Every structure is written in structure tokens, then in C-alpha cells.
Amino acid sequence: MIETGAPSAPALYRGMLLIRRFEERVFRLFLEGEIPGTLHQYQGQEAVAVGVCDVLRRDDWVTSTHRPHGHALAKGVSAREAMAELYGKRTGACKGKGGSMHLGDPAVGMLPAIAIVAGGASVVSGMGLAMKLRATDQVAVCFFGEGATNEGAFHESLNFSAVKDLPVVYVCENNLYGASTRYDLVSRVADVAERARAYGVPAEIVDGMDVLAVREAAARAVATARDGGGPLVVECKTYRFTGHSRSDGRGYRTRQEEEEWASRDPLLVLRPHLDDATEARLEAEVKAELDDAVEFARSSPYPSPEEALEDVYA
Ligand SMILES: Cc1ncc(C[n+]2csc(CCOP(=O)(O)OP(=O)(O)O)c2C)c(N)n1
């Protein structure tokens, strides 16, 4: 993770590739019965997590959603710890007690994910307030889907962060659908950015399939928030390539629409910035990293029953 400076296309590509191959691997392992629970996968949205986290410091914080694998890997959770967490193993980022939907690690500035839609929005205002009161120059980032913008917590959070000038960046991943519901069926306002402006919060719309564009917008927003300029919204227009979760036949959208978005796959969009040798090297590196992560997860122990009572507030 770098805070500022010129973007590195190989580093950004590697970050996105790791997420893509992680998700593909996890999907297979889930179908084979190795990974328990359910899954909300991130394929298609990689440019958002990677573009944003590339301009964050390790001590900046992010909140995440029911779809957190990409955010975790981009913020610095290792493939080993992420995989072990999905397996429910003690070596996982949350000691195997969180699983897919609560992935995260305070050690890298990621609150374990909150799967309640808009849950991260209220927490991020608290984070921002703490940062302001302590006069640190940290920034708190809230990742959320467009579906979260119909929850009250989203509006309370935006308003609170605005009136208190908190160092919060709201990153909306507008992938058009909240589960099976198209956004235009549940909002008369087409862009989330417009809703943000109603609270006096500046908002920018960006091509969420282009990691360089996301990074540039995020760099501006993060720098403004860090300098005391208050909260901002970055709305990334993106698409999830998979179903909402495991049991989704995708009957609410057309194959043609899916193909159109697939032609703007964030890996394809960045690919012209790399040569063939670099791409091959990155593929090999990522494959080795994931082989190692799966082996690590498989061979790790489960937490003991007594550990269920550790790390809880009383
Ligand atoms: C408060 C609340 N209501 C409903 C759900 C069930 N649910 C989980 S994900 C989801 C859709 C969320 O859509 P969006 O926020 O756009 O995120 P995306 O799935 O597109 O990443 C719903 C309704 C929930 N987790 N929390």
C-alpha cells in the first residue's frame, strides 16, 4: 500500500488478480464442501477495493460489508489469514470465529466486516469522530453498496460526518443490484452522488471498472479528508460478475447485460499497461500464493470450544 505518488500498474494488476483468483478458488472449494457457510463474491469489483486501498496508509481504517474478501486482501489481510478465516480455522484473521461475512483485521486497519446492510456507515462516523478528537491525521473509509443508501443509517451517518467535518470517505460500489433488486426500482434518484449532495457532502462519480480512475478519485478524496476538508463520497459504477450469493440463478438480469460488463473487466481494462512477461509472472506469483494459502488453511487447527468465550465484550 502506498499513500501517494504515481500508480504502479503491475502492483495494481497484482492486487486485482489476487482477489480474482482468490474468489475463483474459494468458489470451487465451497462447492467441494471444504468451505462452510455461504459466500458473497467480489469478481468484477476488484478495481474499487484495490484503487482505494492503494492510496490508504496502514493506520487508516476501512469498514466493509457482506462482500468483504476484496476489501480485506486489498487492505493487507494476507491470503493465508483470509483463507484460514473462511475455513473457520484458528489461524484465520478473526481466529476462525468470523468466517466470510466478518472478515477483517484491526492490525491492518480493517474492522471485521459488518454484514448488516449500511452497518458500516454508522460505525465509520464514530471512527472519524475518534480520529478528529485525537487529532490524528488518519482517514476512515466506508465501503458500501448502492442498496445501503435506502437504509436510515446511511443518511444519519452522512449528515453527522458532514456537520462534524469528519475525515471520512464514503465509497459506494454501485453494481446496479441490491441482491435481485435493480436500483432504479427502489430509488427515483439515479446516482448515489446526488443523494450525498443533499447533505452538503461533495461527491464524485467514477468508472469503477478502471482502477486508475478509481485510484485518482480516491487519492483526491483521501487527501481532502486527511487535510480536514470533511467527508466525501466516491461513487464507483461497477458490476458484480457472479450472483449475489451462492444460490442465485441471476434471473433478474440479462446475459447480454452481463457480457457488456464483462467486456469492461477491470483486469482487461488495465492489461494494456502491462507486458506479457509481467502478466505471466504475476499469474504465477498469485497462483503460488493461493496454493500456499489453501495448504495453510487446510492444515491449521479449528479453534477449541473454550476459545468461543475469548475476545468478547462483557
Ligand atoms: C439491514 C439488512 N437488510 C437486509 C439484509 C439482507 N441483504 C444482504 S445483502 C443485501 C443486498 C445489498 O445490496 P448492496 O448494498 O447494493 O450491496 P451488494 O450486494 O450489491 O454488494 C441484502 C438485502 C441485510 N444483510 N441487512
Study note, to complete from the structure: Summing -39500 (n - 2.57) over every DSSP H run of at least 4 in the chain, dividing by its residue total and rounding to the nearest 500, the 222 nm mean residue ellipticity is -13000 deg cm²/dmol
**Study point:** Solvent-accessible area per residue for the range 186-314 (1.4 angstrom probe, square angstrom)
**Key:** 54 Å²
Check your understanding: Which shape class, rounded, prolate or oblate, goes with the chain when its Cα gyration tensor gives a ≥ b ≥ c as root eigenvalues, a/c under 1.5 marks rounded, and past that a/b bigger than b/c marks prolate?
Key -> rounded
Point to revise | Surrounding net charge for I35, when Lys and Arg each add one and Asp and Glu each subtract one, Cβ distance under 11 Å | key: +2
Check your understanding: Highest GNM mean-square fluctuation, the chain, Cα pairs closer than 10 Å: which of E156, E32, E258?
Key -> E32
**Study point:** Cβ charges +1 (Lys, Arg) and -1 (Asp, Glu), total dipole of the range 190-307, debye
**Key:** 500 debye
Point to revise | lysines with Cα under 20 Å of K287, excluding same-chain neighbours fewer than 8 positions away | key: K75
Revision key, fill the gap. For the chain, the dipole about the Cα centre with charges only on Cβ (Lys and Arg +1, Asp and Glu -1), to the nearest 20 debye, works out at 420 debye
Review point. Roughly speaking, what is the stretch gain from Y252 to D292, that is 0.36 nm per residue apart minus the C-alpha to C-alpha distance, in nm to one decimal?
Key: 10.6 nm
Revision key, fill the gap. In whole percent, the fraction of accessible protein surface over the chain that belongs to carbon or sulfur atoms, probe radius 1.4 Å, stands at 55 percent
Check your understanding: Distance in nm between label sites at A107 and D59, each 7 Å beyond Cα in the beta-carbon direction?
Key -> 1.8 nm
**Study point:** E307 versus D275: modelled label distance in nm, points set 7 Å from Cα along the beta carbon direction
**Key:** 4.6 nm
Review point. Taking K164 as the anchor, which lysines have their alpha carbon closer than 25 Å to its alpha carbon, excluding any fewer than eight residues away along the same chain?
Key: K132
Check your understanding: Using alpha carbon centroids, what distance separates the range 183-221 and the range 48-96, in Å?
Key -> 23 Å
Practice item. Could you check what % of the DSSP bridge pairs in the chain are antiparallel, to the nearest 5? Key: 10 percent
Review point. Using modelled amide H (1.01 Å from N, peptide plane; none on Pro or chain starts), what sits under 5 Å from the amide H of I114, excluding residues fewer than 5 places away?
Key: S64, T65
Practice item. Give me the accessible area per residue for the range 34-131, probe 1.4 Å, as a whole number in Å². Key: 26 Å²
Exercise for review: Leaving ligands, DNA and RNA out of it, rank I116, I19 by accessible area with a 1.4 Å probe, largest first.
Suggested key: I116, I19
Exercise for review: Between R90 and V189, take the C-beta separation as r, use R0 = 51 Å, and let me know the FRET efficiency to the nearest 0.05.
Suggested key: 0.65
Exercise for review: Working with all protein chains in place, sort D207, D105 by solvent-accessible area computed with a 1.4 Å probe, largest first.
Suggested key: D207, D105
Point to revise | FRET efficiency, 1/(1 + (r/R0)^6) with R0 45 Å, evaluated for A11 and R182 via beta carbons | key: 0.85
Check your understanding: Any idea what the dipole of the range 51-146 comes to, in debye rounded to 20, about its Cα centre with Lys/Arg Cβ at +1 and Asp/Glu Cβ at -1?
Key -> 320 debye
Exercise for review: Under a cut-off of 18 Å between alpha-carbon atoms, report the lysines in cross-link reach of K97, not counting same-chain residues fewer than 8 places apart.
Suggested key: K89
Check your understanding: Comparing Q256, Q138, Q43, which has the greatest mean-square fluctuation in the GNM of the chain with Cα pairs linked when under 10 Å apart?
Key -> Q256
Study note, to complete from the structure: By accessible area (1.4 Å), largest first, R28, R67 order as R28, R67
Check your understanding: Among the helices of the chain (complete DSSP H runs), which have Cα atoms covering no less than 20 Å along the helix axis and a Kyte-Doolittle mean of at least 0.0?
Key -> 9-31, 119-133, 211-226
Practice item. Springs between alpha-carbon atoms under 10 Å, Gaussian network over the chain: tell me which of A297, A107, A162 tops the mean-square fluctuations. Key: A107
**Study point:** Charge dipole (the range 1-135, unit charges on Cβ, about Cα centre) - positive-most of T91, G33, A79
**Key:** T91
Check your understanding: Where a ≥ b ≥ c are the square roots of the eigenvalues of the C-alpha gyration tensor, would you call the range 92-153 rounded, which needs a/c under 1.5, or, failing that, prolate if a/b is larger than b/c, or oblate?
Key -> oblate
Check your understanding: What shape does the range 143-240 have by the C-alpha gyration tensor, where a ≥ b ≥ c are the square roots of the eigenvalues, rounded means a/c under 1.5, and otherwise prolate means a/b greater than b/c and oblate the rest?
Key -> oblate
Review point. Put +1 on the Cβ of every Lys and Arg and -1 on every Asp and Glu Cβ in the chain; which of I116, G178, L17 then has its Cα farthest towards the positive end of the dipole?
Key: I116
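The values are calculated or read from the model by the stated rules, or taken from the named source; none is laboratory data. Note that the coordinates shown come from a computational prediction; the quantities given were computed from them, not determined experimentally. FYI the Cβ positions are ideal-geometry reconstructions off the backbone, even for glycines, and counts take in every protein chain you see. Heads up: the accessible areas ignore ligands, DNA and RNA and are worked out on the full protein's heavy atoms, side chains in. Shrake-Rupley method; radii C 1.70, N 1.55, O 1.52, S 1.80 Å.
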